[in-house]
Number of protein chains: 4
Amino acid sequence: MIIVLKPNIAKSAEAAVIKGIRALGYQPHIMRGVARTVIGAIGDEITHKSLETLASTFPQAVESVLPIQKRYKLVSREAHPSNSTVKVGKHVIGGKKFHVMAGPCSVESEKQLLTTAVAVAKAGATMLRGGAFKPRTSPYEFQGLGEKGLKLLAKARQETGLPVITELLSENQAELVAEYSDILQIGARNAQNFQLLIAAAKTGRPVLLKRGLSMRIEEWLLAGEYVLANENPNLMFCERGIRTFETYTRNTLDLSTIPIIKKEAHSPIVIDPSQGAGRADLVVAMCKGAAAMGADALLIEVHPNPAEAWSDGAQQLTLDNFAKLMKELKPFIKAAGRE
Amino acid sequence: MIIVLKPNIAKSAEAAVIKGIRALGYQPHIMRGVARTVIGAIGDEITHKSLETLASTFPQAVESVLPIQKRYKLVSREAHPSNSTVKVGKHVIGGKKFHVMAGPCSVESEKQLLTTAVAVAKAGATMLRGGAFKPRTSPYEFQGLGEKGLKLLAKARQETGLPVITELLSENQAELVAEYSDILQIGARNAQNFQLLIAAAKTGRPVLLKRGLSMRIEEWLLAGEYVLANENPNLMFCERGIRTFETYTRNTLDLSTIPIIKKEAHSPIVIDPSQGAGRADLVVAMCKGAAAMGADALLIEVHPNPAEAWSDGAQQLTLDNFAKLMKELKPFIKAAGRE
Amino acid sequence: MIIVLKPNIAKSAEAAVIKGIRALGYQPHIMRGVARTVIGAIGDEITHKSLETLASTFPQAVESVLPIQKRYKLVSREAHPSNSTVKVGKHVIGGKKFHVMAGPCSVESEKQLLTTAVAVAKAGATMLRGGAFKPRTSPYEFQGLGEKGLKLLAKARQETGLPVITELLSENQAELVAEYSDILQIGARNAQNFQLLIAAAKTGRPVLLKRGLSMRIEEWLLAGEYVLANENPNLMFCERGIRTFETYTRNTLDLSTIPIIKKEAHSPIVIDPSQGAGRADLVVAMCKGAAAMGADALLIEVHPNPAEAWSDGAQQLTLDNFAKLMKELKPFIKAAGRE
Amino acid sequence: MIIVLKPNIAKSAEAAVIKGIRALGYQPHIMRGVARTVIGAIGDEITHKSLETLASTFPQAVESVLPIQKRYKLVSREAHPSNSTVKVGKHVIGGKKFHVMAGPCSVESEKQLLTTAVAVAKAGATMLRGGAFKPRTSPYEFQGLGEKGLKLLAKARQETGLPVITELLSENQAELVAEYSDILQIGARNAQNFQLLIAAAKTGRPVLLKRGLSMRIEEWLLAGEYVLANENPNLMFCERGIRTFETYTRNTLDLSTIPIIKKEAHSPIVIDPSQGAGRADLVVAMCKGAAAMGADALLIEVHPNPAEAWSDGAQQLTLDNFAKLMKELKPFIKAAGRE
């Protein structure tokens, strides 16, 4: 850590800060600059207590405390310089092949799900998404079919061969969801529900971790650290839009996460443009951008009849529009060096 | 709902929209304005499906869809025009008396907790806070003493008479925490962990619901609706700062929530300036502002030795500073018509 | 406008609101719904006074007031359904050809500018950017070479044939900058400096309007309206990142503005990834995304020696990296149907 | 500056960074820690070039660059430890006396202004506000009466003795506005229009600098630095709400700016709750909070008939409500130790 002292403080005040640094187990190293004196506190910031309290303990003497170590380890490129890949059935995410996970926001009925699954498979999707447990802002909105939805997803997998991804909302559902689903999704609202992250990690299933609505990159990486630290290497990050002041779109899809995650971490990065935009008419352009920028996969909401969807109809593509999108995407996937 | 049509659309397009409105169970009512035609869709927006999908179903004809009903019911002033109060031991929150809940961020040891509890009681606090289960951004940070921490809180209550408030992180802890604690706290990261909200509500204990870092007022009220809809009327809202672009403070404490919650809802509003500022040196002014603006209670972090705190030392007051704050607060509490 | 009344209000209160609507020149139209009564106020919202004051005039009776008309006219697709193009020298922005405007953040010297201009021209850039008047957060930072910088830009144009784009900071500079520059740039900090917008528009030169750091799409379109309303049709919008809670990047580049501006407005959309990221290592991916999503042009900062740049070195590409980027961009531009 | 190196880099890479530091005029000072090597670069960060480019020049070797000096000087408490006060007519802002500046959003007519001025003076306001030049999001909205408005303000001052504060939008108006107005207001949209700040400073009149909608504290202080560096010591900061994701209020009034500005700077801090809330019904509570937290003055919009106001009617108080507010404020002003 770096401790910046205020200008013109008494020698005794400086000595007190130095004593405080030693008391917390760090070795102080003084550096006198032109306008400020700075103390380097040498010690491992991850295993030692934070020195940030020095600023409030010595408010007259300490101007600021700057951490210098990264707080994440296992997700970092330092720990694992090459790309990680995640195996899902016969597919590999994070490798040469570009993947598209598609399906309805919520599983509503056998007919709705199977129609969608068959159509997205035909259009080129490699995995099937569908919500069985739905986190809804209001208690009066449709909360998902639950286990019945999971069974329909398993049936759709059997019929189409598409591996399945679905969200879990509770530690107590982890075993159940892992039984039916090939990938466990942690939603944006639960991205810092650490108990849920641990329970999902412990099933051993691949975990797709959505970014929380107001999560900084560092916090997202640290949430991913909870998965890796619980001995599950099959982690994927999924950007789905952050909350900003803009009201035209539901969220602001932050596509810069693609080069950033690739730079800082080794796990695959997936983009969810449906949640990001909240509007089907913007999804196509966002998919193209994501493919061009190097995303490993897309997660897209598709519904046979969005107007009658039980949740988030406004952001779901029709089957026809999805097939059209898949065609339009091809040159961009190829230009990005993917298949 | 109000459906705004695009200008100059064909009669047949308009007719299709009207048919769509009827199909979703609403009664259309046409209103031709100067620049736009508007359709009022008459029906209960809470029990009916949303018409927002019309904008994507008829992208050439529908410009926007505006909901007009409030989505929350039980938390609203319409449902309960007078103030609700919450009984905690011999105390009543939301009435004439102003309350201060104080104590350490984390319970660390018997000595640390009892020293703090005795000191804050003496200074005038009426309840004791302390974290036993801690949600930490990094898996390498101190995660709380767990049940041992709960037992220490119960012991401190016995010694001081102060009712206890502590956070729970998991549905599976709800019964356990309710056994030891007088108030259950839902933290900001779990504010839309609806399974946790339901589990907390079902214990029957008062629930203090912190605002999520990027939660709009409406979403916060709807999260509160999950508590009331699960037959627990003892709800309190707690503002603790939202995430903004500002980096000087850890969060931006939104004190306007005091008049807003008082206007929209009937439950008490509590302010947590420690989390809001993340800096002890700003806490005092924020407490004064909160008292002046009509908050029902404060939730303040206090530690005998913040520099050695196991979590969030920078934002915890010393025992002396807390006692000084309590004295300085008095005229503001009185000016606000409280005791 | 739509006026939503509170439930269960007295007939007399309703009558007062209706009278208020008439007093402001609108024709009221009552619609009784299941949970709310709604009044459509018929009249032109652009020429009439806003009814939003009704909510504060009749706080017991009016719940909310919803505008239904778009506030922008000339920039809107309704006013001009096909794409607008902007002629700059022999080039056309907004047509089939994709453009790249490149050059240093600040003009520093003849050698620096000419070296850059020649190199970017060779690599395929079609226009030259360079700051002569620099808006700097601190008064102690380099403020630009001023008119000397403009003269160097003109010289570089003569040598390379590249049209020039540069920023103006003051109404009083409008004539001067227009004399030397082919495109006038309005920077993010001045995006709602309406006097500057008007002065720039009146020169008749094409205007590139950057999005302000916290500008909503609607406000950006309305700022563009100031240009068109002052009889200058040569408007371009330029996204350069918005301010969010994220600190990893300097700003969050909102690439969703590409499909949004294309949908709402008819003017070209340009992307500035250098300001958006604030980090050269992220610029390449962002350029690919922008090209893929349908941007009309890019605005990229390039410097012969970024480490010695007088401003914003961290976000400027080297000449070699720029040439490499131009090659890598080609397949994406082609995939987007551009040249 | 502090340069943090990546772990495990080659000696030659480290040597190159050190050479780079020297080339930019700093003295390097190496500190080897447990997990990172850190280089302190000794030199004046205000007069030297920034080292932040090192991160892009040596992307394989440099992890991050941390500035340690504050970028503002004249506004800082280090430069001027005691409070500054601003003299306006016979009044002193920033001293013992608490001030209220009140008046209409826009000057509309002699009758409107004089009625308001007389009423606010009677209720206890000490200064008169009123907009003559109005920055409006849309070119179709009322832009102010201009010089005629200034003359009406001067007349109202003559009749009531209240000094006048009004906004200027253009460098070219600085002399004119300074002729009529006692305080020059820089609005939020122009808070980083540095040419305007310089022009306003040079008139010698007191300058009230509103915080921009997405301005960090540091940027606001640096904008203030433009005023002081142009030899005008009569600076006041005015918080009026920042832009956040919340849509219930127009902006989020950040009252924590009161203790922060008091801590970092020596100039008075004024709170504008009308812009901050955008809703008259929230203004009263915000005024109480501001007074309690130590603000030096309030800036409040008051209109004889808000429903017919030509701008921002929803946030203006009636004359009666203003008089009531002034009475209710008294105990809070007293509790804060002011008169």
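With both labels modelled 7 Å from their Cα along Cα-to-Cβ, the residue C:202 to residue B:122 distance reads 7.2 nm. What lysines sit close enough to residue B:155 to cross-link, taking a C-alpha to C-alpha distance under 16 Å and skipping anything fewer than 8 places away on the same chain? Straight-line reach from residue B:155, under 16 Å: B:111.
Quick one: net charge of residue D:8's neighbours, Cβ under 15 Å, K/R +1, D/E -1? In short, +4. Annotation: amide H of residue C:212 has no partner in the under-5 Å range at sequence separation 5 or more or interchain, hydrogens built in the peptide plane.
Summarising the label geometry, the points placed 7 Å from Cα in the beta-carbon direction at residue D:19 and residue B:22 lie 8.2 nm from one another.
Split chain D at each of the trypsin sites (Lys or Arg not before Pro) in a DSSP loop with at most 12 other beta carbon atoms within 10 Å, and the longest piece is D:97-339. In this Cβ point-charge picture (+1 for Lys and Arg, -1 for Asp and Glu), chain A has a dipole of about 740 debye about its Cα centre. Only Cα pairs within less than 10 Å get springs; with that Gaussian network setup on chain C, which residue of C:234, C:251, C:321 has the largest fluctuation? Result: C:321 has the largest fluctuation of those listed. Computed over the alpha-carbon pairs of segment C:222-324, the distance histogram in 5 Å steps reads 2, 13, 20, 21, 18, 13, 9, 4, 0 percent, short to long. The base-10 log of I(q)/I(0) for segment C:86-335, evaluated at q = 0.13, 0.16, 0.17 Å⁻¹, reads -0.72, -1.18, -1.37 [Debye formula, identical scatterers on Cα atoms, solvent excluded]. Taking a label point 7 Å from the Cα of residue D:109 along the Cα→Cβ vector, which residues of segment D:310-339 have an amide N closer than 13 Å to it? Under cut-off, by backbone N: D:310. By the equivalent-ellipsoid construction on the alpha carbon gyration tensor, segment D:2-66 comes out with semi-axes of 18, 12, 10 Å, ordered largest to smallest. Neighbouring Cβ atoms from other chains, within 10 Å of the Cβ of residues in B:294-303, number 1 on average.
Extension gain for residue D:34-residue D:328 works out to 100.0 nm (0.36 nm per residue, less the C-alpha to C-alpha distance).
Here, segment C:13-147 is characterised by an Rg to Rh ratio of 1.30, where Rg is the alpha-carbon radius of gyration and Rh the Kirkwood radius.
Taking amide H positions as modeled 1.01 Å from N, with prolines and chain starts lacking one, the residues under 5 Å from residue A:37 and 5 or more places away or on another chain are A:5. For the segment A:212-223, counting C-beta atoms of other chains within 10 Å of every residue's C-beta and taking the mean gives 6. When the Gaussian network model of chain B links Cα atoms closer than 10 Å, the mean-square fluctuations of B:94, B:103, B:146 top out at B:146.
Taking θ as phi - 60° and the Karplus parameters 6.51, -1.76 and 1.60, the scalar couplings of segment D:286-298 work out to 5, 4, 5, x, 5, 4, 5, 7, x, 4, 8, 6, 10 Hz in sequence order, x denoting glycine and proline.
Taking 0.36 nm per residue of separation and subtracting the current Cα-Cα distance, fully stretching the chain between residue D:90 and residue D:8 would add 22.9 nm.
Taking chain B as a Gaussian network of alpha-carbon nodes connected by springs under 10 Å, the highest mean-square fluctuation of the residues B:79, B:154, B:280 belongs to B:79.
Relative to its Kirkwood radius, the Cα radius of gyration of the protein assembly as shown gives an Rg/Rh of 0.94.
Remark: mean inter-chain Cβ contacts per residue of C:135-145 equal 6, using a 10 Å Cβ-Cβ cutoff to other protein chain atoms. Cβ-to-Cβ counts within 10 Å put C:50, B:82, D:56 in ascending order as B:82, C:50, D:56, the fewest first.
Per-residue ellipticity at 222 nm computed for chain D from its helices equals -10500 deg cm²/dmol, with DSSP H segments shorter than 4 residues left out and the rest contributing -39,500 (n - 2.57).
Sequentially through segment A:198-215, phi angles give Karplus couplings (6.51, -1.76, 1.60; θ = phi - 60°) of 5, 4, 5, 4, 5, 6, x, 6, x, 10, 9, 9, 6, 7, x, 4, 9, 8 Hz, Gly and Pro residues having no value and appearing as x.
Read the figures in this text as sums done on the coordinates, not as results from a lab. From a predicted model like this one, the values you see are computed outputs, not experimental measurements. For neighbour counting, all protein chains shown are included, and Cβ atoms are generated from backbone atoms with ideal geometry for every residue, glycine included.
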